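Note sheet for the following structure.
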Amino acid sequence: MNFSGIVTAVVSFLIIGLFHPVVIRAEYYFTRRCWPVFFAAGTACLIASVFLEREIFSVLAGVLGCTLLWCIQELKDQEERVKKGWFPENPARRRK
């Protein structure tokens, strides 16, 4: 039996679900200017996925890397959601 597909699906689901609140908090505390952190981490995960010998770890590193890169767009989208009033704005950095 090969459980690689199920493991990949479950871990992908968990990674994507985990990063939803991470993006919300990152935008709240750091604005979308923290995107280079997501870019660096995502790129590092994608590079690591090329060098990992175990296929399952390579796939999961690739999923994590792509999710981190996708978070860059989600930071921009989250900023728009805050402007629309769908999410609270950090009162420490109110716009004038």
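The values are calculated or read from the model by the stated rules, or taken from the named source; none is laboratory data. Please read these numbers as outputs of a predicted model, since none were measured by experiment. Neighbour counts are summed over all protein chains in view; Cβ atoms, including those assigned to glycine, are modelled from backbone coordinates with ideal geometry. All accessible areas refer to the heavy atoms of the entire protein, side chains included, with ligands and DNA or RNA removed. Shrake-Rupley method; radii C 1.70, N 1.55, O 1.52, S 1.80 Å.
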- Note on the structure: P(r) of the range 53-96 over all Cα-Cα pairs, 10 Å bins starting at 0, rounded to whole percent, reads 24, 31, 22, 15, 7, 0
- Qualifying chymotrypsin sites (Phe, Trp or Tyr not before Pro) for the range 1-75 [loop in DSSP, other Cβ within 10 Å: at most 14]: PHE3
- Summarise the accessible area of the range 30-96 (1.4 Å probe, protein heavy atoms) by the percent that is carbon and sulfur. 64 percent
- Query: PHE3 versus CYS34, label points 7 Å from Cα toward the beta carbon: distance in nm?
  - Reply: 3.4 nm
- Return the distance in nm (one decimal) between the two label points of a simple spin-label model at VAL10 and ASN90, each offset 7 Å from Cα along Cα→Cβ. 3.6 nm
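Leaving out ligands and nucleic acids, note down the accessible area per residue over the range 26-96 with a 1.4 angstrom probe, in whole Å². Don't skip to the answer; put the middle values down first.
Values: 4940 Å² over 71 residues.
With all protein chains present, the range 26-96 gives 70 Å² per residue.
Under DSSP H, which helices of the chain have Cα atoms covering 18 Å or more of the helix axis and a Kyte-Doolittle average no less than 0.5?
4-30, 35-51
Out of every Cα-Cα pair in the chain, what percent are more than 24 Å apart? Spell out each step's value before the answer.
Working: 1442 of 4560 pairs.
Percentage above 24 Å: 32.
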